[in-house]
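Undergrad: Take a look at this one; I'll ask things after.
The values are calculated or read from the model by the stated rules, or taken from the named source; none is laboratory data. Small disclaimer: the values here were computed from a predicted structure and weren't measured. Cβ coordinates were reconstructed from backbone atoms using ideal geometry, including for glycine residues, and neighbour counts include every protein chain displayed. Ligands, DNA and RNA are excluded from the accessible area calculation, which covers all protein heavy atoms including side chains. Shrake-Rupley method; radii C 1.70, N 1.55, O 1.52, S 1.80 Å.
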Amino acid sequence: MFSPEIEKKIDATIAKYPHKRSALLPLIHIAQNEQGYITEEAIAYIGEKLDLVPVEVYEVATFYSMYFLEPIGKYNLQVCRTISCMLCGAYDILEHLQGKLGIKNGQVTSDGRFRLTEVECLGSCSTAPAMQINFDYHENLTPEKVDQILAKLP
Amino acid sequence: MAELKILTARFDTPNPTDIDTYLKDGGYQALGKALKMTQDDIINEVKKSALRGRGGAGFSAGVKWSFVPRQLNKPKYLVCNADESEPGTCKDRPLMELDPHQLIEGMAIGSYALGANLSFIYIRGEYWYIIDILEKAIEQARNRGYLGKNILGSGFDHDIIVHPGAGAYICGEETALLNSLEGKRGHPRIKPPFPAVVGLYGCPTVVNNVETLAAVPHIINKGGDWYRSLGTEKSGGSKMFSLSGHVNKPGNYEVPMGYPLMDMINVEGGGMRGGKKLKAVIVGGSSVPIINAEAAAKCNMDYESCQSVGTMLGSGGVIVMDETVDIFETTFNLIRFYNHESCGWCTPCREGTDWLLKIFKKIKAGMGEPSDIDLILKLCVNIEGRSHCPLGEAAVWPITSAIKHFPEDFKKHLRKSLPVLTMAK
C-alpha cells in the first residue's frame, strides 16, 4: 500500500529493534506522514507487519495526541496553551487564529488548508508563546508574526 | 554573571554538532578513559560526583546504576529519557540540538558501566527535527568507531536507537516510557519490580534523563570530586534551568547548584519584565508546589534549599509570574493540563483530575461557592498517594500550594451567596 521506498523504510525500521512490536510507534508515524492521517488500511497493514491484530494498533494509535484518525488539513496549527506560553500571550494567539480562520480547537477550515489544535507544552517555554505547524516550530509569536507566517505558507 | 558552562560550553562554537569540532574540543576522550576503567570504578566515580537525576526525581545516578544486576544472564539496556514534556522545561532540547555527541558519549560510558550493548533515546515526537540531528551524529560516531563493534579496541559493542514518542506527557514517567518503547500505550507499571531489575523487555534497564547522561563524560574526565565541588555538598555539579514567564531574558541557563533563585531572575533573566513586582515562582517544572515572592527570596537552586521553602528542584523549569497574574487562572491552566495528560489507567487520577477540572470550570464561570474550595482540597487528599504513578501528586501539588499561598486569588472568583435554584418538583 506504500511506495517501494517507504516499504523499504518500514522494513528497515522493524529490523532495528530486538522485538518488532517496538517499531509500532515509528511505523504509525511513517504511515501518517505518508497519508496525512492514520487510515484503517494503514492500521491493518501495520498490524500484519508486526503480527498484531488491528485493534492492538488502534488502541495505541488512539492513546497518543500526535496521531490523527481523520484528515487534519494541509497545515496543522498546534498552538501551545500551557502555563509558560499562557503567561506570554498564548490565549491571544489562539483567539487571533480562531477569529482569522473562523474555526475552533479541533476544527479544519472548509478548504482543508488549516486545522487549529490546542496542544500542551511543546518545550518552547523560554521562547514562548509557540506553535508547531506540522513539524516546524514557530516561537516568540505575536498576532502579527502569526499573520506573516501563515501568509508565507505555500 | 555566575553562569557555569560545563554542559553548555560548546553551544556557541561554530558547527557544534559535528564530530570533528567535538573531537577538537576533547570529545570522546572520556569514553577512551572509561573503557580502561572497571565498571565498578565508573559507577563509584558517578556516585562520588553526587550527580542526581535531572529529569525531576533527583535520585542519585550512580546508585541507580549500581542497582543493575550485571551478572544476570539477560541483555541490559540504557534508555535516555528525552521525552521532555514537563511544562516550563526546555533544557534537554538544546543539549541534543547543539551538542549531540556529548549525549552519545555519556550514553556509551553509561552503557559500558551497565554492560548494555544497546541503548535507546526516547525522544518526544514533537522534537522531530532533533531526531535527524541525533541520527546524523550517531552515524558519524559509528563511522569513527565510537559506536558499533569493538569500540576503540576494547571488545565492547554498543549502538544507539533513536525512538520517537507521539505526544504523551506520561511517557516521561520511566515505566510508561518503557511500555511505550515496547509499542504499547504509555501506561505506567507497578513498582517494584524496578526497571533496574525488570525493565525493557523484562530485562535490567536504567532510564536516565538527557542532562544526567550529558554530565557523565565530564565526571569521567575530571573526576567525581571535581564535579561535586561545583555545587553543594548534597547536590553536586551544575544544573541547567529553563527560565520562562515574566522576565526580560527568558532562556536556558547553566549555573552551579545552590545558585540563588533571585540572582537567576535578576541577573541571568535581566529582571522582571516591565519592572513589575514578583508575585510567584514555580521553580522545578509545573508539578512542584508554587512559592510566593517571600519564599523565592530565600530559595537557592539545589534540592535541599528548594525543599526548605516548601517546594522541589524538579526538572529545573523556573516559571516566573509577576503581580498581574491571577493564580487561579494559572492553576486552572495546570489542572486542565494534568487532566488532559492523565493516562486513564487508575481511578483516583482519571476521575480525580476530571472532577477537579469540573469544579475549576464552575468557579471560572462565576458559579463557585466557598465550599468548592474545601471540595477541591478533599479531592486532592483522595488523589495524593493513591494514584498508580506520580502524575496524581503532580496534579495535586500545584493546586494545594496555590490555595495555601494565594487564597485571595481563589476567593475573588467565588460567589458570596448561593443563587436560589428553583427546581420544579
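Undergrad: Per Stokes-Einstein, at 37 °C and 0.692 mPa s, what whole-number D in µm² s⁻¹ belongs to the protein assembly as shown, with the Kirkwood radius over Cα pairs as the hydrodynamic radius?
TA: Numbers: Rh = 24.6 Å.
D, rounded to a whole number, is 133 µm²/s.
Undergrad: Between A:ASP92 and A:ARG113, what length in nm is gained on full extension when 0.36 nm per residue of separation is reduced by their alpha carbon distance? Kindly include the intermediate steps, with their values, before the conclusion.
TA: On the way: separation 21, 0.36 × 21 = 7.56 nm, distance 2.16 nm.
Here the answer is 5.4 nm.
Undergrad: Excluding residues fewer than 8 places away in the same chain, name every one of the aspartates and glutamates whose C-alpha is closer than 14 Å to that of B:LYS64.
TA: B:LYS64 reaches B:ASP40, B:GLU45, B:GLU174.
Undergrad: If you don't mind, another one. Taking chain B as a Gaussian network, Cα atoms linked when under 10 Å apart, which of B:MET272, B:MET301, B:MET257 shows the biggest mean-square fluctuation?
TA: B:MET272
Undergrad: Which residue, B:ASN150, B:SER85, B:ILE130, has the largest displacement toward the positive end of the dipole of the stretch B:33-155 when charges sit on each Cβ (Lys, Arg +1; Asp, Glu -1)?
TA: Checking the options against the dipole of the stretch B:33-155, the answer is B:ASN150.
Undergrad: Sticking with this one: From the P(r) of the stretch B:50-176, can you give the percent of Cα pairs sitting at distances over 17 Å? Show your work: numbers first, answer last.
TA: On the way: 4735 of 8001 pairs.
Of all Cα-Cα pairs in the stretch B:50-176, 59 percent lie more than 17 Å apart.
Undergrad: Here's a follow-up. Please work out the FRET efficiency for the pair B:THR21 and B:ILE133, using the Cβ-Cβ distance as r and a Förster radius of 22 Å; give the result to the nearest 0.05. Please list the in-between numbers first.
TA: Values: r = 14 Å, r/R0 = 0.63.
Between B:THR21 and B:ILE133 the formula returns 0.95.
Undergrad: Starting from the stretch B:357-420, pick out the trypsin sites (Lys or Arg not before Pro) whose DSSP state is loop and whose Cβ has at most 13 other Cβ atoms within 10 Å.
TA: Numbers: sites: B:LYS358, B:LYS361, B:LYS362, B:LYS364, B:LYS378, B:ARG386, B:LYS404, B:LYS411, B:LYS412, B:ARG415, B:LYS416; in loops: B:ARG386, B:LYS412, B:ARG415, B:LYS416.
Passing sites in the stretch B:357-420 are B:LYS412, B:ARG415, B:LYS416.
Undergrad: With every protein chain present, what is the per residue accessible area of the protein assembly as shown (1.4 Å probe, Å²)? Mind showing how you got there, number by number?
TA: Numbers: 22920 Å² over 579 residues.
It amounts to 40 Å² per residue over the protein assembly as shown.
Undergrad: So for the protein assembly as shown, taking the charge dipole from beta-carbon charges (+1 Lys/Arg, -1 Asp/Glu), which of B:PRO204, B:GLY251, A:HIS19 sits furthest toward the positive end?
TA: B:PRO204
Undergrad: In the stretch B:182-218, which residues give up 20 Å² or more of accessible area once the other protein chains are added, compared with their chain alone (1.4 Å probe)?
TA: Hits at the 20 Å² cut-off: B:GLU182, B:GLY183, B:LYS184, B:ARG185, B:TYR201.
Undergrad: Place a +1 charge on the Cβ of each Lys and Arg in the protein assembly as shown and a -1 charge on the Cβ of each Asp and Glu, then give the dipole magnitude about the Cα centre in debye, rounded to the nearest 20.
TA: Details: 62 positive and 67 negative charges, 190 e Å.
Computed charge dipole of the protein assembly as shown: roughly 920 debye.
Undergrad: Compute the relative contact order of chain B as a whole-number percentage, counting only Cα pairs closer than 8 Å that sit 6 or more residues apart in sequence. Before the final figure, lay out each step's value.
TA: On the way: 852 pairs, mean separation 71.3, N = 425.
Reported as a whole number, the value is 17 percent.
Undergrad: Distance from the Cα centre of the stretch B:386-407 to that of the stretch B:142-158, in angstrom?
TA: Result: 46 Å between the Cα centres.
Undergrad: Working only with C-alpha atoms, what are the Rg and Dmax values of the stretch B:342-403, expressed in angstrom?
TA: Spelled out, the Cα radius of gyration and Dmax of the stretch B:342-403 are 11.3, 33 Å.
Undergrad: Mind checking Rg over Rh on the stretch A:101-149, alpha carbons, Kirkwood formula for Rh? Mind showing how you got there, number by number?
TA: Values: Rg = 11.5 Å, Rh = 11.8 Å.
Result for the stretch A:101-149 is an Rg/Rh of 0.97.
Undergrad: Which residues, if any, in the stretch A:107-133 have at least 40 Å² less accessible area in the whole protein complex than in the isolated chain, probe 1.4 Å?
TA: By number: A:GLU120, A:CYS121, A:GLY123, A:CYS125, A:SER126.
Undergrad: Considering only protein heavy atoms and a probe of 1.4 Å, how much of the accessible area of the protein assembly as shown is carbon and sulfur, as a whole percent? Intermediate values should be presented prior to the final figure.
TA: On the way: 12140 of 22920 Å².
Carbon plus sulfur share of accessible area: 53 percent.
Undergrad: May I pose another question? For the pair B:GLU351 and B:GLU304, how long in nm is the line joining their label points, each one 7 Å along Cα→Cβ?
TA: Rounded to a tenth, the inter-label distance reads 4.3 nm.
Undergrad: Could you give the distance between the Cα centres of the stretch B:106-126 and the stretch B:43-94, to the whole Å?
TA: Between the Cα centre of the stretch B:106-126 and that of the stretch B:43-94, the gap is 10 Å.
Undergrad: Using the Cα centre of the stretch B:185-297 as the reference point, and only Cβ charges (+1 on K/R, -1 on D/E), how large is the resulting charge dipole? Debye, rounded to the nearest 20. Write out the running numbers ahead of the final one.
TA: Values: 12 positive and 7 negative charges, 82 e Å.
Taking the Cα centre of the stretch B:185-297 as origin, the dipole is about 400 debye.
Undergrad: Kindly sort B:ILE327, B:ILE6 by accessible area of their heavy atoms, largest first, with the probe set to 1.4 Å.
TA: Working: B:ILE327 0, B:ILE6 20 Å².
Order by accessible area, largest first: B:ILE6, B:ILE327.
Undergrad: Which positions within the stretch A:65-83 get 20 Å² or more of their accessible surface covered by the other protein chains, compared to the chain by itself, with a 1.4 angstrom probe?
TA: By number: A:SER65, A:MET66, A:ARG81, A:THR82, A:ILE83.
Undergrad: Considering the zone a paramagnetic label at A:THR62 would reach in this model (a point 7 Å from Cα along the Cα-to-Cβ line), which residues of the stretch B:328-359 have amide N under 15 Å from it?
TA: In the stretch B:328-359, the label zone of A:THR62 (backbone N under 15 Å from the point 7 Å along Cα→Cβ) covers B:344-345.
Undergrad: Of B:MET264, A:MET66, which has the most accessible area with a 1.4 Å probe, and how do the rest follow in descending order?
TA: A:MET66, B:MET264
Undergrad: Sticking with this structure for a sec: Using unit Cβ charges (K, R positive; D, E negative) and no other charged atoms, how large, in debye to the nearest 20, is the dipole of chain B about its Cα centre? Mind showing how you got there, number by number?
TA: Numbers: 48 positive and 47 negative charges, 183 e Å.
Using only the charged Cβ atoms, the result is roughly 880 debye.
Undergrad: With 26 Å as the limit, write out which pairs from B:LYS378/B:LYS412; A:LYS16/B:LYS74; A:LYS104/B:LYS412; B:LYS136/B:LYS191; A:LYS100/B:LYS362 have Cα-Cα distances beyond it, or answer none.
TA: Working: B:LYS378/B:LYS412 20 Å; A:LYS16/B:LYS74 19 Å; A:LYS104/B:LYS412 29 Å; B:LYS136/B:LYS191 36 Å; A:LYS100/B:LYS362 29 Å.
The pairs that break the limit, which is 26 Å between Cα atoms, are A:LYS104/B:LYS412; B:LYS136/B:LYS191; A:LYS100/B:LYS362.
Undergrad: Of A:ALA130, A:ILE30, A:THR117, which is farthest on the positive side of the dipole of chain A, counting Cα position, with +1 on Lys and Arg Cβ, -1 on Asp and Glu Cβ, and the Cα centre as origin?
TA: A:ALA130
Undergrad: Search the structure for amide H atoms under 5 Å from the amide H of B:SER238, placed 1.01 Å from N in the peptide plane, and list their residues when 5 or more places away or on another chain.
TA: B:MET257
Undergrad: B plus A alone minus the pair: what accessible area, both sides summed, probe 1.4 Å, in Å² to 100?
TA: Working: alone 17890 and 8830 Å², together 22920 Å².
Counting both chains, the buried surface is close to 3800 Å².
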